[in-house]
Amino acid sequence: MVISMLDFAEGFMNVEASDDLKKMKAWMFKEQVRIQAKKDELQELNRELQDLKRTLEGERSMLDLREKTIKKRFDDNESFIAKKLKIIENAYQQLEIDRKALECERLNFEHEKNKYRRQKMSSAKAHSYESGAYEGTSFFRGVDSELALRKRYKELLKIFHPDNKCGDTKTLLLIQTEYESLRSRYYEI
């Protein structure tokens, strides 16, 4: 059994080829294992990313809901503040109207007070024609000329005209009557 050199080389090559083949198979197996491990790792990362994505979407929807709630609350507050402002403005307007009415009442009270004082004084004095002429009047007290009479008449019309808040038709008629009598007296002179 003599093995020739050629047979030996051929056998050696077969052995060598089979070793390379085994090495290649081993390397391919290792690569498949490594690729499978990477694939598993990537799938795990994908699952984690999907979980993270769902979590973030849930948080985003919660934040959107919270933002809507806050915006609605803000809009409600704005509306509430606008209503309060309107109420305050109306209250100031009513306060101004009440102030004017109170001023008119004060003027009427002063008028009545002066009227009472004149009646008291005229009943105590009860002497001349002129004191009798001014007995019931207090609207034109202190008027001594036709110009002053007209000026006072215009001022009283502004105050007691029925179109005004504190206007009074009765009082206006009294003023008109007194003005006419005083005016006729000035024209007689």
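The values are calculated or read from the model by the stated rules, or taken from the named source; none is laboratory data. Remember, predicted model here, so these are calculated numbers, not experimental data. Because the Cβ atoms are built from the backbone with ideal geometry, glycine has one as well, and the counts that use them run over all protein chains shown. Accessible surface areas use protein heavy atoms only, side chains included; no ligands, DNA or RNA. Shrake-Rupley method; radii C 1.70, N 1.55, O 1.52, S 1.80 Å.
Of the residues ILE87, ILE3, ILE81, which is outside any helix (DSSP H, G or I) and modelled with pLDDT under 95?
Criteria check complete, one pass: ILE3.
Answer with yes or no whether LEU56 is free of Cβ contacts under 8 Å to residues at least 12 places away in the same chain, open to solvent by 100 Å² or more (accessible area, probe 1.4 Å) and on the phi < 0 side of the Ramachandran plot.
Answer is no for this residue.
So which residues in region 137-180 are small (Gly, Ala, Ser) and surrounded by 14 or more Cβ atoms within 10 Å (Cβ to Cβ), if there are any at all?
Scanning region 137-180 gives SER138, GLY167.
Search region 142-163 for residues that are in contact (Cβ under 8 Å) with a residue 12 or more places away in the chain and pair each with any residue that is among the small types (Gly, Ala, Ser) when their beta-carbon atoms are under 9 Å apart and the residues are at least 6 apart or on different chains.
Note: pairs meeting the criteria are ARG152/GLY142; ILE159/GLY167; PHE160/GLY167.
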